[in-house]
1. Could you please let me know if I132 is of a type outside the set (K, R) and either surrounded by fewer than 13 Cβ atoms within 10 Å (Cβ to Cβ) or within 14 Å of the chain's Cα centre (by Cα) (or both)?
2. May I ask you to list pairs of residues, at least six apart or on different chains, whose Cβ atoms are under 6 Å apart, with the first in region 127-139 being more than 17 Å from T13 (Cα to Cα) and the second being of a type outside the set (S, T, N, Q) and assigned to a loop (DSSP other than H, G, I, E, B)?
3. Might you check whether a residue that is loosely packed, with under 14 Cβ neighbours inside 10 Å and not in a helix (DSSP H, G or I) occurs anywhere in region 99-121?
4. Only one of (1) at pLDDT 90 or above; (2) more than 25 Å from L140 (Cβ to Cβ); (3) surrounded by fewer than 13 Cβ atoms within 10 Å (Cβ to Cβ) fails for A28. Which number is that?
5. If we keep just the residues of region 34-45 that are under 20 Å from P129 (Cβ atoms) and not polar (S, T, N, Q), which is surrounded by the fewest Cβ atoms within 10 Å (Cβ to Cβ)?
6. Quick one: how many residues across region 1-25 are crowded, with 16+ Cβ neighbours inside 10 Å and either hydroxyl-bearing (S, T, Y) or closer than 19 Å to L127 by Cα (or both)?
Amino acid sequence: MLSFFEKILKVITEGTVSIAAIVALLVALVGTIDILTTRVFAQAIPGAFELSEAGLVLMVFLGLAIVTREEGHIKVDIIVNRMNKRLQLICGIFALGLTACFLGMMTWQMWSLAMKSWKINEMATGLLPFPIYPVKIAALLGLTTATIEASRRFTIVLMEVLYPTRKEKP
């Protein structure tokens, strides 16, 4: 049974990936319309490139949490698969600990970037100037959620090692 915290975190994680999916659709639409107007009318959409850049940032950072939750990161497990269950869990603790630490450091740095961007009202340079700070704040949300998800997974695996529930077959 999921705790209240896990339910809220699951909703936030699913929300971030839903936003990322909508952004992916919008980036595809802007790109398609930009290509069509360039080919048909010889006129590109002003700011399409900058909007696509911001959209790609959103897709990556807002998608991190769901990948972390569902353990979808790329793994090279040729050696780990040959280990017994307990040793696999210990390797998982090490990997998830590093993941949580790196995501935490990225979140900390993104906090600094987002707040600086917000304070100076940073704008995109290009044909269509638009504020950059909402993109950085959304990336901060994605990184924060991914960090919490990695920490949650770390805690789950750590509890499996410290308090095993069933006997391992020799």
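The values are calculated or read from the model by the stated rules, or taken from the named source; none is laboratory data. Keep in mind that what you see is a predicted model, and the values were worked out from it rather than measured. Glycine gets a Cβ as well: all are built from the backbone with ideal geometry, and neighbour counts include every protein chain shown.
1. no
2. L127/P46; L127/G47; L128/P46; L128/G47; F130/A124; I132/E122; I132/A124; Y133/E122
3. Yes, region 99-121 has at least one match.
4. (2)
5. The selected residue is A44.
6. Summing the residues that are crowded, with 16+ Cβ neighbours inside 10 Å and either hydroxyl-bearing (S, T, Y) or closer than 19 Å to L127 by Cα (or both) in region 1-25 gives 2.
Per-residue answers, yes or no, for (1) touching an Asp or Glu at 6+ places or on another chain (Cβ under 9 Å); (2) in a helix (DSSP H, G or I); (3) over 18 Å from T147 (Cα atoms); (4) touching a residue at least 24 places away in the same chain (Cβ under 8 Å):
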residue: L9; (1), (2), (3), (4): yes, yes, no, yes
residue: T13; (1), (2), (3), (4): yes, yes, no, yes
residue: A20; (1), (2), (3), (4): no, yes, no, yes
residue: L36; (1), (2), (3), (4): no, yes, yes, no
residue: R39; (1), (2), (3), (4): no, yes, yes, no
residue: D77; (1), (2), (3), (4): no, no, yes, no
residue: N81; (1), (2), (3), (4): no, yes, yes, no
residue: G92; (1), (2), (3), (4): yes, yes, no, yes
